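Contents: one structure, followed by commentary.
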Amino acid sequence: MPSRSIAGKARSAAPTQRQLRVGEEIRHLLARIFQRGELRDPALHDAAVTVTEVRVSPDLKRATAFVMPLGGANVPAVMTGLKRGAGFLRQRIAHEIDLRVAPQITFALDGSFEQASKIESLLRRKDVARDLEPPDDASSDGTGDGA
């Protein structure tokens, strides 16, 4: 029964090459669908949606698409529209990608843009910028020319 103990262990958190490849294929497909305006939901009529990442479960049955509406506009309405269109998107993925089972798609708002903005604003603060500058004594090496 040693095979049970091996099979029962939790998988590592790192995604496999297959998960990454399938996720990237789905990301490209979703981006093309959004670009062509194939979703007829009124909430998505004038919304430009960026698909930043798609994470696929180890069994390839579930996928989470991280999205961001252009400029962060109308986020609640866009996310609701995407949720309503998930079945249509799953059907399109089933026709375009050769998988045994088309993954169930959920959408999540990508918070990386907001996080990057916060980090950038922190780096611009005077007290932080001062700490990032090289010390005055390190810039002079005693030769007088600074080189």
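Computed from the coordinates by the stated procedures, all read-outs in this text should not be read as laboratory data. Small disclaimer: the values here were computed from a predicted structure and weren't measured. Every residue, glycine as well, gets a Cβ built from its backbone with ideal geometry; the counts of neighbours run over all protein chains shown.
For Ala108 and Ala48, compute 0.36 nm times the residue count separating them, minus their Cα-Cα distance, and round to one decimal in nm.
20.0 nm
Sequentially through region 123-132, phi angles give Karplus couplings (6.51, -1.76, 1.60; θ = phi - 60°) of 5, 7, 4, 4, 5, 6, 4, 4, 6, 7 Hz, Gly and Pro residues having no value and appearing as x. The dipole here belongs to region 15-134: it is taken about the Cα centre, uses +1 on the Cβ of Lys and Arg and -1 on the Cβ of Asp and Glu, and is about 320 debye.
Highest average first, the peptides 89-101, 29-41, 59-71, 119-131 ordered by how many other beta carbon atoms sit within 10 Å of their residues are 59-71, 29-41, 89-101, 119-131. Full extension of the chain between Lys118 and Thr16 gives 33.6 nm of extra length, using 0.36 nm per residue less the Cα-Cα distance. Convert 25 °C to kelvin, take the viscosity as 0.890 mPa s, use the Kirkwood radius over C-alpha pairs of region 15-134 as Rh, and evaluate the Stokes-Einstein diffusion coefficient in µm²/s, rounded to a whole number. Rounded to a whole number, D works out at 156 µm²/s.
Answer with one residue from Ala65, Gln91, Pro76: the one whose Cα lies farthest towards the positive end of the charge dipole of region 15-134, charges on Cβ with Lys, Arg +1 and Asp, Glu -1. Positive-end residue among those listed: Gln91. Projecting label points 7 angstrom from Cα along Cα→Cβ for Lys126 and Arg100 puts them 6.3 nm apart. When the charge dipole of region 15-63 is built from unit charges on Cβ atoms (+1 for Lys and Arg, -1 for Asp and Glu) and taken about the Cα centre, the candidate among Val49, His28, Pro15 whose Cα reaches farthest toward its positive end is Pro15.
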